[in-house]
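Heads up: the structure comes next, in structure tokens.
The values are calculated or read from the model by the stated rules, or taken from the named source; none is laboratory data. Please read all numbers here as calculations on a predicted model, not as lab measurements. Because the Cβ atoms are built from the backbone with ideal geometry, glycine has one as well, and the counts that use them run over all protein chains shown.
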Amino acid sequence: MDFSDPAAVETWESVDDRVMGGVSRSGLRHDPAGFAVFEGVMSLEQGGGFASVRSGLLPGFAPETDALVLEVFGDGKVYKLSLRMDERLDGISYQAPFQPAAGVWTQVRLPVQDFVPGYHGRPVSQAPPLSPEQVRRMGLMIARQTAPPGVATGSREAAEAGVSSGHSQAGSFRLAIRSISHRATADPASGS
């Protein structure tokens, strides 16, 4: 998905904690410099704690896809890329956290096996494995209880990172995205 084209953001919509009484807000917009910007405010007020955007329907990725690669400009906060294998707006989503460096463009590689199935923020142990060719929707999220990659939520490391309280995530956020592409081990040049 190449976000240099303004049309690339047209089918994306916000899904924030306001659906549950929270006050967070977010959006995805095109920047004239040739990238998309996921931005807003994630608030812990009124039981809130997440802001997200999701794409319209997608055709899926190549079956041999073993990773998704994001070219992003972060703010130091932890985000999640979510994938759904269902056309419905509700259901199991497969999420992988990432924490891009603040203030520089960088590539983030998310192996398919690192995406964890969940439903409304809770793990789902009996979910089918993520199948790249069946992906129908993609999303970006920032949440109060997001551990950095490689750190388990609820661990001492997560507590030290402020994950238990969510305060390190609360407030304004901004993630710029040039592209989201897929990669296969056999062909590192394959893309979106």
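Contact map, region 65-79: first residue part of a strand (DSSP E or B), second residue of a type in the set (D, E, K, R), Cβ cut-off under 6 Å, separation 6 or more or different chains; pairs are Ala67/Arg109; Ala67/Arg183; Val69/Arg109; Val69/Arg183; Glu71/Arg178. Going by the structure shown, is Phe98 touching a helix residue (DSSP H, G or I) at 6+ places or on another chain (Cβ under 9 Å) and crowded, with 17+ Cβ neighbours inside 10 Å? The answer is no for Phe98. Within region 40-64, restricting attention to residues that are closer than 21 Å to Glu10 by Cα and in a loop (DSSP other than H, G, I, E, B), the residue that is nearest to the chain's Cα centre (by Cα) is Ser55.
Being surrounded by 15 or more Cβ atoms within 10 Å (Cβ to Cβ) and either small (Gly, Ala, Ser) or touching a residue at least 60 places away in the same chain (Cβ under 8 Å) (or both) is a description that does not apply to Val23. Among the numbered conditions (1) over 23 Å from Val9 (Cβ atoms); (2) hydrophobic (A, V, I, L, M, F, W, C); (3) touching a helix residue (DSSP H, G or I) at 6+ places or on another chain (Cβ under 8 Å), the only one that Met85 does not meet is (1).
Which residue is nearest to Asp31 (Cα to Cα), if the candidates are limited to region 4-20 and must be in a helix (DSSP H, G or I) and modelled with pLDDT of 95 or more? Give the steps one after another, and end with the answer.
Kept after step one, since they are in a helix (DSSP H, G or I), are these residues of region 4-20: 6-9, 17-20.
Among the residues that remain, those that are also modelled with pLDDT of 95 or more are: 6-9.
On the way: Pro6: 8, Ala7: 11, Ala8: 11, Val9: 10 Å.
Restricting to residues being in a helix (DSSP H, G or I) and modelled with pLDDT of 95 or more, the top hit is Pro6.
Those residues that are in a strand (DSSP E or B), closer than 20 Å to Pro63 by Cα and within 13 Å of the chain's Cα centre (by Cα), I need them from region 89-116; list them, please. Steps first, answer last, please.
Kept after step one, since they are in a strand (DSSP E or B), are these residues of region 89-116: 93-98, 102, 105-111, 116.
From what's left, closer than 20 Å to Pro63 by Cα: 93-96, 109-111, 116.
Selection gives Ser93, Tyr94, Gln95, Ala96, Arg109, Leu110, Val116.
Look at region 90-114: where a residue is among the acidic types (Asp, Glu) and a partner is in a strand (DSSP E or B), sitting 6+ places away or on another chain with Cβ atoms under 8 Å, you get Asp114/Ala96. Would you point out which residue out of Val53, Val72, Val78 is surrounded by 15 or more Cβ atoms within 10 Å (Cβ to Cβ), farther than 19 Å from His120 by Cα and hydrophobic (A, V, I, L, M, F, W, C)? None of the other options fit; the residue is Val72. For the structure I just gave you, tell me whether Val53 is touching a residue at least 40 places away in the same chain (Cβ under 8 Å), under 21 Å from Asp16 (Cβ atoms) and of a type in the set (Val, Ile, Thr). Yes; evaluated as a whole, the condition is true for this residue.
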